[in-house]
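What follows is a set of notes on a single structure, which appears directly below.
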Amino acid sequence: MPAATAAPNEIETLIRAKYPILYVVSWEERRVEEAVSRVCSGLKRTLHTWSITQGMKPAVQRTSGPARPSSLPGELEALALAHEAPEYTVFLLKDFHPYMKDYRVVRLLRDLARQLRERAQTIILMGPVLNLPTELEKDVTVVDFPLPGEDEIGSTLDKVIAAVKDNPNLDVNLEPLQRELLVKSAQGLTLDEIESTFARSLVEKKRFDLEVVLEEKKQIIRKSGLLEYYAPEAHLKDVGGMELLKEWLEKRAKSFTDDAREFGIPAPKGILLLGVQGCGKSLTAKAVAAQWNLPLLKLDVGRIFGSLVGQSEENIRRAIKTSESVAPCVLWADELEKGFAGVSGGVSDSGTTARVFATFLTWMSEKTSPVFMIATANDVSALPPEMLRKGRFDEIFFVDLPDAKEREQIFSIHLKKRKRDVAKFKLKELSKATEGYSGAEIEQIVVGGLYIAFDAGRELTQKDLITEAKNVVPLSVMMREEIAELRNWAELRTRPSSKRDDAE
């Protein structure tokens, strides 16, 4: 059942079944109020709405006796009015969660619960967060009011198009695939945000533009404080080598579309990139998001852990919910083994790390939202075995040091990036001089050569690069044993990210 009708239908069922108190969790007051109003109209129930600033609208007619002045605080007065109201009435109390800490409010709600059942009345508490005291758990029914789904977003888009279609300065024509991508990119926004974003796109771009929608999603991510948003920088063509990994990713570029769902393909879960430091794992994560035109969110596990009891567990749930709210997206967890270092023992934190890790693992296995996760790791021995179990990731790729041809590509990419004519350099000679070097080390060789040339007041030469290469001690020399051990482990347990040059 579409999200646009599932929640209102559930509210209608609960009202008809005489559930006394409902708690609707949502940011969208207007959308919830409109839905509840439609339900009450169909059930022939009188709807009263209340907020601390506006009071009760419309005023409640008491079942008996004249109206009386009240010196009660606003929230208690609202509940008192519910107590005195006639049968077949519904009360929608907005932003009521701050008052749930008051023992008087809790006690009055418990007293009302029994009375409301007998009189076919319902109180609907509404707020953006769930704040439910233990005493009320058996009397209150929680209803999640999801953000607009594709059908609702599509209807909103049609309304915007209809409103501006006669304006010759605006291009509102959308191809079917463009429309699908626009609607999917708007998922995770409230209806008000969607309307504002579409309007902003027409004002700024004179057409509907995905970049404007992604800009709006940045705000959600920034406000969470737990995830970082990365703007698209590199594409897969900017990553040297890794042909097998690129091929795997390109085959899944359209896997987030409706056609893929109808074909029977589930949204891909993600990949784990395991390998030598500086070989392009992080760059690949950034490139995938840009290639697929999806938001890239970085999960910093260190931000998840808080000092208060229960804060860490709540933070990981919020981070997951935020990533799902802006889906489809790419979630990047860099150096994952460091974030969950205490899982395997040796670190005493009262089990907090283990609980956070368990929540994260469960989500990875069972998530249905289109959040494509790219995790990177350098030290396989520090990764918990549960993380590597089949089903957490679609694939585990091993990223090795670049071979001769890949080193040529990497030199070419970084020289072009710095506006140098690649034809003036002997790439094969440079590749031979940098055997065992990582992509990051090759980039630093190009940068170091530029410093040499700039200091000498001339243009970059082949000799500058060769000289700089001789001055660098590669990681493959300093960590020879660790890299050999990592390769042995990965040989039978992972997929290679690139075709190796056997001539080396």
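Before moving on, here are some points about what is shown:
- Against the numbered list (1) under 14 Å from Val276 (Cβ atoms); (2) of a type in the set (Phe, Trp, Tyr); (3) assigned by TED's automatic domain parsing to the domain that holds Glu366, Phe393 comes up short only at (1).
- Inspection of region 456-468 identifies at least one residue that is of a type outside the set (Val, Ile, Thr), under 22 Å from Lys405 (Cβ atoms) and surrounded by fewer than 19 Cβ atoms within 10 Å (Cβ to Cβ).
- Restricted to region 253-311, the set of helices (runs of 4 or more DSSP H) holding at least 3 residues that are within 18 Å of the chain's Cα centre (by Cα) and among the small types (Gly, Ala, Ser) comprises 281-292.
- Of the residues making up region 377-397, those that are part of a loop (DSSP other than H, G, I, E, B) and under 17 Å from Val356 (Cβ atoms) are Leu383, Pro384, Arg392.
- Neighbours by Cβ (under 6 Å, 6+ apart or cross-chain): first from region 5-27, farther than 16 Å from Lys138 by Cα; second buried (at least 20 other Cβ atoms within 10 Å of the Cβ) and among the small types (Gly, Ala, Ser): Pro8/Ala35
- Residue count, region 247-274 (criterion: touching an Asp or Glu at 6+ places or on another chain (Cβ under 9 Å), surrounded by 14 or more Cβ atoms within 10 Å (Cβ to Cβ) and modelled with pLDDT under 85): 1
- Scanning region 239-266 for residues that are in contact with a helix residue (DSSP H, G or I) (Cβ under 8 Å, 6 or more places away or on another chain) and closer than 30 Å to Pro384 by Cβ yields a total of 7.
- Scanning region 136-157 for residues that are in contact with a Phe, Trp or Tyr (Cβ under 9 Å, 6 or more places away or on another chain) and assigned to a helix (DSSP H, G or I) gives Leu136, Thr156, Leu157.
- Every residue from region 192-241 that is in contact (Cβ under 8 Å) with a residue 60 or more places away in the chain, in a helix (DSSP H, G or I) and either in contact with an Asp or Glu (Cβ under 6 Å, 6 or more places away or on another chain) or of a type in the set (Gly, Ala, Ser) (or both): Ser224
- Only one entry of Val477, Val473 meets the criterion of being of a type in the set (A, V, I, L, M, F, W, C), part of a loop (DSSP other than H, G, I, E, B) and out of contact with any helix residue (DSSP H, G or I) (no Cβ under 9 Å at 6 or more places or on another chain), and that entry is Val473.
- Out of Leu361, Leu296, one residue alone is closer than 15 Å to Leu273 by Cβ, modelled with pLDDT of 80 or more and in contact with a helix residue (DSSP H, G or I) (Cβ under 8 Å, 6 or more places away or on another chain). It is Leu296.
- Selection count, region 438-455, where residues are hydrophobic (A, V, I, L, M, F, W, C) and either part of a loop (DSSP other than H, G, I, E, B) or more than 23 Å from Asp400 (Cα to Cα) (or both): 4
- Per-region count, region 96-143, residues in contact (Cβ under 8 Å) with a residue 60 or more places away in the chain, surrounded by fewer than 18 Cβ atoms within 10 Å (Cβ to Cβ) and under 20 Å from Ser51 (Cα atoms): 5
The values are calculated or read from the model by the stated rules, or taken from the named source; none is laboratory data. Bear in mind the structure is a predicted one, so any value in this text is a computation, not a measurement. All Cβ positions, even for glycine, are placed from backbone atoms using ideal geometry, and neighbour counts span all protein chains on display.
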